[in-house]
Amino acid sequence: MTPRPGGTRAELDRDPGAVARMFDGVAARYDLTNTVLSFAQDVRWRRATRACLAVGPGDTVLDVAAGTGVSTVELARTGATCLATDFSLGMLRTGRSRLVGKLGRSPVPFVAADALHLPLPDASVDAVVISFGLRNTVDVDAALAEFARVTRPGGTLVVCEFSRPTFAPFRRVYTDYLMAGLPRVARAVSSNPDAYVYLAESIRAWPDQPALAARIGAAGWRSVAWRNLSGGIVALHTATKPA
């Protein structure tokens, strides 16, 4: 199903398969589109996410909703073993094909997985990272609990997600761009521009920084904190699994 202009987030949330097919449809030019729409800030956001992790060789990091694996490759710069998972086969295939074509191999493994049902044992990873994917899960609270299940006691959660700009005048300008400008720009660069109507709506409907922090804490995580990036367009939430 290709999302229709004007299709609502709620309509897609009732059918996770439709969301997966939507991402299949944008996979070919997904990374380029993100760089254009974010004015190249996506590179900075990935680096900031990596910097949040106190991991290195011998540690295992699970990158959920990894898409084409660009975020996973960045996380692998820590020296940790990093695993890319996503429920969109199109995104995984595109990412792996690009890495193999560029490097002759894939430096990270790609695994098809639903964020609510991760194919990993309890307490098997040192950190879980999800970048711009939590809002696309059908049940955010269940996903946060599933991340806690696979993380070892004392392990880390990092959520990099769109959030609420902190400066009110800028927040209005940003909202106008999100709902009007973003779909127009996407039409010029995306392989499936209508999908960005859904993405814009999902960003606008997403909870602000304190509200997301409360949900992370309610899922069993502790020491929840956040750091604003780009004036609050994006927020990095971090948390620790209790020992």
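The values are calculated or read from the model by the stated rules, or taken from the named source; none is laboratory data. Since the model is a prediction, treat every value here as computed from it, not as a measurement. In this analysis, Cβ positions are derived from the backbone assuming ideal geometry, glycine residues included, and neighbour counts consider all displayed protein chains. Keep in mind that these areas ignore ligands, DNA and RNA; they rest on the heavy atoms of the full protein, side chains included. Shrake-Rupley method; radii C 1.70, N 1.55, O 1.52, S 1.80 Å.
Some observations on this one:
- Rounded accessible area per residue of region 49-112, 1.4 Å, Å²: 45
- Label point distance in nm, R47-R105, each placed 7 Å from Cα along Cα→Cβ: 2.7
- Length-normalised contact order of the chain in % [C-alpha pairs under 8 Å, at least 6 apart]: 22
- Backbone amide hydrogens, once placed in the peptide plane, bring A66 within less than 5 Å of T85, D86, excluding anything fewer than 5 places away on its chain.
- The sum of -39500 (n - 2.57) across all DSSP H runs of n ≥ 4, divided by the residue count of the chain, sets its helix-only mean residue ellipticity at 222 nm to -12500 deg cm²/dmol.
- When a 1.4 Å probe is rolled over the protein heavy atoms, the share of accessible surface on region 116-243 that falls to carbon and sulfur comes to 57 percent.
- 5 angstrom amide H check on D59, placed H, neighbours 5+ away: T81
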